[in-house]
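Student: Supplied in structure tokens, the structure appears directly below.
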Amino acid sequence: MPMESHKQAAQYHEDAAKPHRTAAEHHSREDHEKGYEQSTKAHEASAKAHEASAKAHKGSGEAHEKSKMSRSESGSKAGKSLGSEEHAMAGSQYHKNG
């Protein structure tokens, strides 16, 4: 699930970039009314992108904590901590099952 959150956040950021560019073009041609309209759209899209990024960041933090717990539990059972590959697998499993 967190992986999808990152993809969605990236898409929102791309969607916000389009009206930002369009607004800049209108402002450079001194068409400030259209520039303002596009700036408003860009602001709304940026807010959506920010929310999605925060959600993705939170999901990554949770996956990291889950991976640390898994590493800790595995290490205490076997008397050692997980290797980097095992740690990545634990995080990957959380991202899939999240």
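Student: Got a number for residues in region 39-98 being among the hydroxyl-bearing types (Ser, Thr, Tyr) and modelled with pLDDT under 60? Walk me through how you get there before you give the answer.
Tutor: Here is the first cut: in region 39-98, the residues among the hydroxyl-bearing types (Ser, Thr, Tyr) are 39-40, 46, 53, 60, 67, 70, 72, 74, 76, 81, 84, 92, 94.
With modelled with pLDDT under 60 added as a condition, the list becomes 74, 76, 81, 84, 92, 94.
Residues meeting the conditions: 6.
Student: In this structure, does Ala9 turn out to be touching a Ser or Thr at 6+ places or on another chain (Cβ under 7 Å), without any contact (Cβ under 8 Å) to a residue 60 or more places away in the chain and of a type in the set (A, V, I, L, M)?
Tutor: Numbers: touching a Ser or Thr at 6+ places or on another chain (Cβ under 7 Å): yes; without any contact (Cβ under 8 Å) to a residue 60 or more places away in the chain: yes; of a type in the set (A, V, I, L, M): yes.
So Ala9 passes the test.
Student: Restricting region 18-49 to residues that are in contact with a helix residue (DSSP H, G or I) (Cβ under 8 Å, 6 or more places away or on another chain) and of a type in the set (Gly, Ala, Ser), which is farthest from Gly61 (Cα to Cα)?
Tutor: Per the criteria, the residue is Gly35.
Student: Please tell me if Gln8 is of a type in the set (S, T, N, Q), over 21 Å from Gly61 (Cα atoms) and surrounded by 14 or more Cβ atoms within 10 Å (Cβ to Cβ).
Tutor: Working: of a type in the set (S, T, N, Q): yes; over 21 Å from Gly61 (Cα atoms): no; surrounded by 14 or more Cβ atoms within 10 Å (Cβ to Cβ): yes.
When the stated conditions are applied, Gln8 does not pass them.
Student: Within region 25-42, how many residues turn out to be surrounded by fewer than 14 Cβ atoms within 10 Å (Cβ to Cβ), assigned to a helix (DSSP H, G or I) and not aromatic (Phe, Trp, Tyr)?
Tutor: 5
The values are calculated or read from the model by the stated rules, or taken from the named source; none is laboratory data. Note that the structure is predicted; figures quoted are calculated from it, not measured. All Cβ positions, even for glycine, are placed from backbone atoms using ideal geometry, and neighbour counts span all protein chains on display.
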